[in-house]
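As structure tokens, the structure follows; a few thoughts come after it.
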Amino acid sequence: LVPMDGFHRTQASLAADPDPAFSFRRRGAPFTFDPDGLLALVRRLRSEHSLSAPAFSHAAKDPVDDAIQIDSRHRIILIEGSFLCLDEEPWRTISLEMDERWFYDVDEETALQRVIKRHVAAGLAADETAAEAKALANDVLNAKLILEKMVPPDKWLAEMETAPE
């Protein structure tokens with residue numbers, strides 16, 4: 001499993017943007033990633049039998065190079081991330097390099113509640129109220145962008161309610 005989060009731009013890179021406060025506030029939006037690095041990895045996966053990928057450290061709040069090792073015994077490699085079906089360049093090119101594109105659909109309220117919990121657990125917000133405000137100002141905007149501009153996935157998976165016990 002290779003999460004796209006390893007391709008977040010570093011804090012130092014965001015701090016060098018023309019409006020660093022905006023870049024930090026919108027961290028997680030398409031422009032706060034390194035899609036060229038992700039595209040290079042996707043292409044290398046086709047020809048190299050041993051390579052590494054970055055992961056994201058929530059403690060350091062930055063990517064960690066070479067944190068995920070990929071070798072010839074890995075027959076299926078899942079690349080996971082929000083913008084892998086985004087129909088905007090360079091994301092479209094990345095998407096079309098994939099063997100298959102799967103989209104996992106979750107209703108908006110469930111997704112929002114999960115993001116709120118994740119923000120609190122990762123220390124990105126002090127409490128659920130702050131986490132909800134952060135999610136509405138960033139994560140929800142990103143989700144809407146993806147749903148409005150999507151490379152058609154090969155498989156569209158919908159979350160199912162679990163049966164009562």
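One residue stands out among those in segment 99-123 that are open to solvent by 40 Å² or more (accessible area, probe 1.4 Å) and part of a loop (DSSP other than H, G, I, E, B): the one that is farthest from D34 (Cα to Cα), which is D107. Any chance segment 85-98 includes a residue that's closer than 16 Å to I146 by Cβ, part of a loop (DSSP other than H, G, I, E, B) and open to solvent by 70 Å² or more (accessible area, probe 1.4 Å)? Checked against the condition, which is being closer than 16 Å to I146 by Cβ, part of a loop (DSSP other than H, G, I, E, B) and open to solvent by 70 Å² or more (accessible area, probe 1.4 Å), segment 85-98 yields at least one hit. Could you tell me which residue of segment 55-65 is farthest from L1 (Cα to Cα), considering only residues that are open to solvent by 70 Å² or more (accessible area, probe 1.4 Å) and free of Cβ contacts under 8 Å to residues at least 24 places away in the same chain? Only one residue fits best here, namely A59.
Could you go through segment 22-32 and let me know if any residue there is open to solvent by less than 30 Å² (accessible area, probe 1.4 Å), under 12 Å from the mean Cα position of the chain (by Cα), over 19 Å from L145 (Cβ atoms) and not β-branched (V, I, T).
no
Counting only helices (runs of 4 or more DSSP H) that fall entirely inside segment 1-54 and contain at least 2 residues that are touching a residue at least 24 places away in the same chain (Cβ under 8 Å) and closer than 24 Å to E132 by Cα, no element qualifies. For beta carbons closer than 8 Å, sequence separation of 6+ or different chains, a first residue in segment 133-157 that is within 15 Å of S95 (Cβ to Cβ) and a second that is of a type in the set (S, T, N, Q) and surrounded by fewer than 17 Cβ atoms within 10 Å (Cβ to Cβ), there are no qualifying pairs.
The values are calculated or read from the model by the stated rules, or taken from the named source; none is laboratory data. What you see is a predicted model, and the numbers here were worked out from it, not measured in a lab. As a convention, Cβ positions derive from the backbone with ideal geometry for all residues, glycine included, and neighbour counts pool all protein chains shown. Remember, those area values only see protein heavy atoms, side chains included, never the ligands or the DNA or RNA. Shrake-Rupley method; radii C 1.70, N 1.55, O 1.52, S 1.80 Å.
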